[in-house]
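We did not get these values from a lab; they are worked out from the coordinates using the rules stated. Here the structure is a predicted model, which means the values were calculated and not measured. Positions of Cβ are backbone-derived with ideal geometry, glycine not excepted, and every protein chain shown enters the neighbour counts.
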Amino acid sequence: MELLYFILVAFGMTQILVYGSIFKNQRIWIKQKSDWFGKLVKCPMCMGFWVGVFLFGINGLTELFNFEYNYINILLLGSLSSGTSYILTTLFGDNG
């Protein structure tokens, strides 16, 4: 269940950061300031990786999931978040 919670939280956070209207102005500002970060904030696969890394970093602060802190888990959970965020985004886009 922990892995499912991790995937769903990562997908939700990625969706909000990449497509949410609440961060629209920040995404526009970032795109104007940096080409690299501009690509990051519009790509669910790229943002999904960093969301996974962030969630791994705070996993000790939540009861939803708990993973051992090590470098391999950072890479694996970032990759899992990236892949599942991308797949779920293609399945559940704005058009349903």
> In nm, to one decimal, how far is the modelled label at Tyr71 from the one at Leu91, with both set 7 Å along Cα→Cβ?
Replying inline: 3.3
> Taking segment 1-49 as the region of interest, what is the percent of Cα-Cα pairs per 10 angstrom bin, listed from the shortest bin to the one with the maximum distance?
Replying inline: 28, 48, 19, 6, 0
>> Checking a compactness column here: for segment 49-96, what do you get for Rg(Cα) / (2.2 N^0.38 Å), N being the number of residues?
In response: 1.29
> Any idea which of Val41, Ala10, Phe65 is furthest toward the positive side of the dipole for the chain, if Lys and Arg beta-carbons carry +1 and Asp and Glu beta-carbons -1?
Replying inline: Val41
>> If I take all pairs of Cα atoms in the chain, what percentage of them are more than 22 Å from each other?
In response: 30
>> Show me, for segment 58-68, the HN-Hα J-couplings you get by feeding each phi into the Karplus relation (A = 6.51, B = -1.76, C = 1.60, θ = phi - 60°), rounded to Hz, glycine and proline as x.
In response: 9, 5, x, 9, 10, 9, 5, 8, 9, 10, 5
